[in-house]
Amino acid sequence: DPQLNSNYTLDNYIEGDCNRLARSAGFAVAAKPGATSFNPLMIYGAVGLGKTHLAQAIGNEIKRTYPDKLVIFVSCEKFCQQFVESLKNNTINDFVNFYQAMDVIIMDDIHNFAGKEKTQDIFFHIFNHLHQSGKQIIITSDKAPKDLSGLEERLLSRFKWGLSADLQIPDLETRIAILRKKMASDGIDLPAEVVEYVAHNIDNNVRELEGAMVSLLAQATLNKKEIDLALAKSMLKNFIKNTSKEISMEYIQKLVCEYFEVAVDLVKSPTRKREVVQARQISMYLSKSLTKSSLKSIGAFYGGRDHSTVIYACQTVEDLIDSDKKFKGYVNDIQKKLKMS
Ligand code: ADP
Ligand code: MG
């Protein structure tokens with residue numbers, strides 16, 4: 001099956017706290033596709049955390065156990081393109097029949113349905129047909145169903161019928177295990193201290209984690225050097241510089257405002273409304289900790305305030321992080337989003 005990539009297996013999908021529910025739901029679905037309550041199974045999480053890998057692995061496992069089942073893996077984007085093509089060529093029926101004949105449909109990145117109402121309609125019908133016939137549906141998304149925007153309510157409500165399981169950033173041990181597994185499968189042998197160094201420093205995204213190791217190997221080969229800690233350190237400096245964009249105050253402000261659903265103008269205005277003050281103070285705090293901007297320029301940026309306002313904001317946020325778990329969660333969420341850009 002060309003849409004399934006046999007390199008992605010459940011076996012080489014390392015288990016951690018970050019993915020335990022999603023992974024075990026994947027096993028359950030693969031054992032009895034269409035016959036568990038995990039239908040649809042929705043896997044969601046930020047970019048590079050392993051959604052495609054897990055979804056592919058479930059498909060491969062189903063094919064291995066049930067070679068006769070028709071399994072299709074399709075990205076939402078490709079599905080949308082196919083739909084447009086079939087409209088143009090007057091082959092909508094073939095398009096719909098093809099998908100409705102499947103035993104298992106795996107659709108990757110369904111957040112890409114946003115704004116595409118006609119394609120959503122078609123998918124809604126295919127979904128209903130398959131679900132009613134006891135066929136398995138697996139979807140991935142970068143957000144939880146409740147946070148997906150631009151998708152029709154009736155489709156979202158279908159997604160909530162089954163199980164949604166999220167993927168988180170793996171902890172250090174899981175990151176090390178992922179690197180070890182990758183090394184084993186690629187026949188690579190790196191010193192433990194190098195593996196640990198990479199895993200320790202690349203802590204936001206599995207794709208980047210693997211990318212760092214690959215580029216470390218490439219550099220060592222190119223320069224005919226041993227891979228040791230010193231090389232890893234110098235390489236990683238470049239790697240991190242090359243991959244992560246500089247975070248700007250504009251960007252912080254944008255993400256914070258999106259997060260709290262507050263208008264950007266209000267943050268810069270004199271208003272003392274509670275949620276605006278909170279967004280403003282968190283923006284100031286993050287600007288202080290994540291950019292090189294001075295207190296003075298931070299104050300100026302957020303509506304012409306003076307540096308003592310910024311100091312007060314940072315103090316307030318730090319106190320709240322210590323005393324208020326929910327608040328700490330907000331700040332962590334936003335920090336994650338900022339670093340994933
Ligand atoms: P996403 O689709 O969420 O953006 P991918 O599935 O493409 O992420 O994963 C990015 C890379 O990280 C892939 O090479 C994948 O094999 C690897 N990866 C992610 N999670 C794991 C894991 N738990 N175990 C092994 N490899 C993983
Ligand atoms: Mg993906």
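What follows is calculated from the coordinates using simple rules that are stated; it is not laboratory data. What you see is a predicted model; the values in this text were computed from it and never measured. For neighbour counting, all protein chains shown are included, and Cβ atoms are generated from backbone atoms with ideal geometry for every residue, glycine included.
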D147 versus N238, label points 7 Å from Cα toward the beta carbon: distance in nm?
-> 3.5
Dipole-positive endmost among L338, Y302, V84 within the chain (Cβ charges, Cα centre) | Y302
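How do Y259, Y330 line up, fewest other C-beta atoms within 10 Å first?
Numbers: Y259 15, Y330 18.
Lowest to highest Cβ neighbour count: Y259, Y330.
Assigning unit charges at the beta carbon (Lys, Arg +1; Asp, Glu -1) and nothing else, what dipole magnitude in debye, to the nearest 20, does the chain show about its Cα centre? Please list the in-between numbers first.
Details: 44 positive and 42 negative charges, 135 e Å.
With Lys and Arg at +1 and Asp and Glu at -1, about 640 debye.
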Quick one: if you stick a label point 7 Å off each Cα along the C-beta vector at E193 and K296, how many nm between them?
-> 4.4
Taking N as the number of residues in the range 237-341, the ratio of its alpha carbon radius of gyration to 2.2 N^0.38 Å works out to 1.04
Here the tail fraction of P(r) beyond 18 Å, over all Cα-Cα pairs of the range 1-108, rounds in percent to 51
Taking Cα atoms, how many degrees apart are the long axis of helix 117-132 and the longest axis of the chain, rounded to 10 and kept between 0 and 90?
-> 50
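Arrange the following residues from fewest to most other Cβ atoms within 10 Å of their Cβ: T140, T65, T119, T9.
On the way: T140 26, T65 12, T119 19, T9 15.
Listed from fewest to most nearby Cβ atoms, that is T65, T9, T119, T140.
Relative contact order for the chain: what percent, with Cα pairs under 8 Å and sequence separation of 6 or more?
Working: 468 pairs, mean separation 55.0, N = 341.
Relative contact order of the chain: 16 percent.
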Under a point-charge model restricted to the Cβ atoms of Lys and Arg (+1) and Asp and Glu (-1), what is the dipole moment magnitude of the range 135-185 relative to its Cα centre, in debye to the nearest 20?
-> 260
For the chain, max minus min Cα coordinate along each principal axis, in Å, sorted largest first?
-> 68, 55, 40
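Nearest 500 deg cm²/dmol is fine: what mean residue ellipticity at 222 nm does the chain get from its DSSP H runs of n ≥ 4 alone, each adding -39,500 (n - 2.57), divided by its residue count? Don't skip to the end; give the middle numbers.
Numbers: 16 runs with 203 residues, N = 341.
Calculated at 222 nm, the ellipticity per residue is -19000 deg cm²/dmol.
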Degrees, to the nearest 10: 192-201 long Cα axis against longest axis of the chain | 70
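Fewest first, what order do E261, E208 take by the number of other Cβ atoms within 10 Å? If you can, show how the numbers build up before the last one.
Values: E261 8, E208 18.
The most exposed by this proxy come first: E261, E208.
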Karplus ³J(HN,Hα) for the range 41-46 (6.51 cos²θ - 1.76 cosθ + 1.60, θ = phi - 60°; Hz, whole; x = Gly/Pro) runs 9, 10, 10, 10, x, 5
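Relative to the Cα centre, what is the charge dipole magnitude of the range 239-341, using +1 at the beta carbon of each Lys and Arg, -1 at the beta carbon of each Asp and Glu, and rounding to the nearest 20 debye?
On the way: 18 positive and 12 negative charges, 35 e Å.
Taking the Cα centre of the range 239-341 as origin, the dipole is about 160 debye.
By how many nm would the segment from E250 to R154 lengthen if fully extended, with 0.36 nm per residue of separation less the alpha-carbon distance?
Details: separation 96, 0.36 × 96 = 34.56 nm, distance 3.55 nm.
Taking E250 through R154 to full extension adds about 31.0 nm, to one decimal.
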Hits in the range 61-103: amide N under 20 Å from the 7 Å Cα→Cβ extension of D11, namely 61-68
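Which FRET efficiency, nearest 0.05, do R272 and S308 yield, Cβ-Cβ r, R0 22 Å? Intermediate values should be presented prior to the final figure.
On the way: r = 17 Å, r/R0 = 0.75.
My answer for the efficiency is 0.85.
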